[in-house]
1. Debye sum, Cα scatterers, region B:149-200, no solvent: what log₁₀ I/I(0) at q = 0.23, 0.29 1/Å?
2. Bin by bin, in steps of 5 Å, what percent of the Cα pairs in region A:253-349 do you find, going until the bin that has the longest distance?
3. Taking only the Cα atoms of region B:192-245, how large is their convex hull per residue, in Å³?
4. Give the lysines reachable from B:Lys267 as a straight Cα distance under 16 Å; neighbours fewer than 8 places away on the same chain don't count.
5. Rounded to the nearest 0.05, what FRET efficiency is calculated for B:Lys77 and A:Lys9 with R0 set to 56 Å and r the Cβ-Cβ distance?
6. Convex hull over the alpha-carbon atoms of region A:173-248: what's its volume per residue in Å³?
7. Any chance you could run the full-extension gain for B:Lys28 through B:Leu68? It's 0.36 nm times the residue separation minus the Cα-Cα distance, nm to one decimal.
8. Sort B:Arg104, B:Arg157, B:Arg286 by heavy-atom solvent-accessible area, probe 1.4 angstrom, most to least.
Amino acid sequence: MADKILTAKELEIQFKLRGKTLNAIRGVSLDLYKGEILAIVGESGSGKSVFTKSFMGLLDRNGRVAGGRILYYGRDGEEPLDLATVKREKEWYKIRGHEIAMIMQDPMTSLNPLKTIGKQIMEAVLLHQDVNRAEAKKRTLKYLEDVGIQDVARRFSQYPHEFSGGMRQRVVIAIAIACAPKILICDEPTTALDVTIQAQILDLLKELRHKYSLSIILITHDLGVVANIADRVAVMYAGDIIEIGTSEDIFYDPKHPYTQALLSSLPQIGVKGTDLFSIPGTPPNLFTEIRGDAFAPRNPKALKIDFLKTPPYFQVSPTHKAKTWLLDPRAPKVEPPAVVEKIRNGGLF
Amino acid sequence: MEREVLLEVKDLDVTYGGRKKKFHAVKKVNFKIYRGETFGLVGESGSGKTTIGRAIMRIVPSSGGEILYKGEKINGKISKELDRRVIKEIQMIFQDPQASLNERAKVDEIISEGLMNIEKGLGREERKERVEQAILDVGLLPEFASRFPHEFSGGQRQRIGIARALIMNPEFIIADEPISALDVSVRAQVLNLLSDMQKKRQITYLFIAHDLSVMRFITDRIAVIHKGRIVEMGETEELIRHAIHPYTRALLSAIPMPDPKHEREKKLLVYDPDMHDYSTGEPEWRELRPGHFVLADEKEAKEWL
């Protein structure tokens, strides 16, 4: 396997809210490899955004890294940098954008409506690359071309409102690229877009990762998008990664009951006239301590031990591991749900 | 057996803006919705799908054509009695449960507001009962009635929005992207709730969405709309399995499926409206397969089949 670019080790993130402590991330470990696209999937509130925001020092004021390390290996020839220990904003300025860049969901809110898009991209070039204005402009035009915008000379001096949603997201991507980052975090980059535009943006991301040797973390709740673009998938639930593997591992051989339930509830899987599978209950309250498997209360087939002891990772294959007692050799054999067979056979559309 | 047509849209035109900057959002749209069915309107942003829903709700005025509900024209000027009947019988569920509930009103007030406007003489007790029943029907707890919208999650808020529609005992519900703002697991719950309601009360739905995969699960028939024009219409399975119009085919190819191999091998079709050469004659509605209509000119009809 390729080299690591980032490693989270036993990371814990807490928020203080009205005198109480919320454990948003509960001891998560994760490796990100150079050049890969890693997807993090989970429901709202599972902690997927908070987790990645901590890599850039973007946690809200009441949040803090309470334990663990975030090792960044992107500075060649240097010791790995522990991002969990970076405190001063000045240090973060050197990391944000230049080492790790982020693309948000809504392109309209990430662009300045009062500046031309050319200026906004050039700003990033001048800040992060050691070039003069003429060269910066040349590069800006090139970035615009690279993200698939036509007639760049004219587009350069236009304002965000003159662009469609998909084009705006392309501009946001161009700004991120202009910072020359090693890691690109995309937080629901296509959720606000039409399906045809979404497909184009996903293709663009795949292309750019090679061109600019990026490692990409994609945060999404859309499993279809994940299947399209991700090399590896991490499934997050209640502040923990409960299963991780290659796309094939997760879609064709999901092991954790939560992963299986997520796949089963997809409308793409549904058969008309029958009820769509829906996960009963709600995610656990993260203000209280969680005992055992966090998903157990919503899992009708949970084992007794699921309520008592937190499962460790069980290795399924060299690329695939999951935190569920079902993988313990002593556990009863449980057949995977029908959805798994359906996906394997490719009988979806 | 002849099915009863509940709603018919005939040559509907909707334009926005004044004389100088006129924008034609909906162009000569025709369709019928039969009682008890779920009719889907699929299209991308800017296609005019929401405008059609709003024109039926009479939130936006139509500039041409007719909207017939149970055979009576409901667009333009109508009598007071008909107006009241239509308000009661046609209800709407909105996309964003964060934006569509009044933040300052209690759930009880939100749900009963429409009811109080229509049934003016309703007593306090009866109103309370009806609200409670509506809340129970959508799977929430009666004690929620005295709370405010911000105390609820997205899925719960969408249920409140559905309760507000159901309390009117509507015959026809327009659901505009009712699940696109919700989490995957909650989507399934809301879809199931909508189809339960249909089974129990024979409600007819107009379901507006951009996502064909959701449409396939919930609708009986689908119309695909592009730039204000319906380009293809047919029974759901037929339309998805044998999509004919290049725009529909492009939409289908863009749906991401939860199957990595399929996704890696798939070819994305791109629709270019300039491909049509309508210089020799305007395209027409043609029944290219049984019950399956496509907007095409004669040459295209031959090519596409």
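1. Evaluating at q = 0.23, 0.29 Å⁻¹ gives log10 I(q)/I(0) of -0.93, -1.32.
2. Going out from 0 Å in 5 Å bins, region A:253-349 shows 2, 12, 20, 22, 19, 13, 8, 3, 0 percent.
3. Values: hull volume 4.5 nm³, N = 54.
Considering the Cα atoms of region B:192-245, their hull volume per residue is 83 Å³.
4. A:Lys206
5. Efficiency, rounded to the nearest 0.05: 0.20.
6. Numbers: hull volume 8.0 nm³, N = 76.
Hull volume over Cα atoms, normalised by residue count, gives 105 Å³.
7. Numbers: separation 40, 0.36 × 40 = 14.40 nm, distance 1.47 nm.
Gain on stretching B:Lys28 to B:Leu68: 12.9 nm.
8. Numbers: B:Arg104 210, B:Arg157 5, B:Arg286 55 Å².
Of B:Arg104, B:Arg157, B:Arg286, the descending order of accessible area is B:Arg104, B:Arg286, B:Arg157.
The values are calculated or read from the model by the stated rules, or taken from the named source; none is laboratory data. None of these values were measured; they are calculated from a predicted model. Note: ideal-geometry Cβ built from the backbone for every residue, glycine included; neighbour counts use all protein chains shown. The area values use the complete protein model at the heavy-atom level, side chains included, leaving out ligands, DNA and RNA. Shrake-Rupley method; radii C 1.70, N 1.55, O 1.52, S 1.80 Å.
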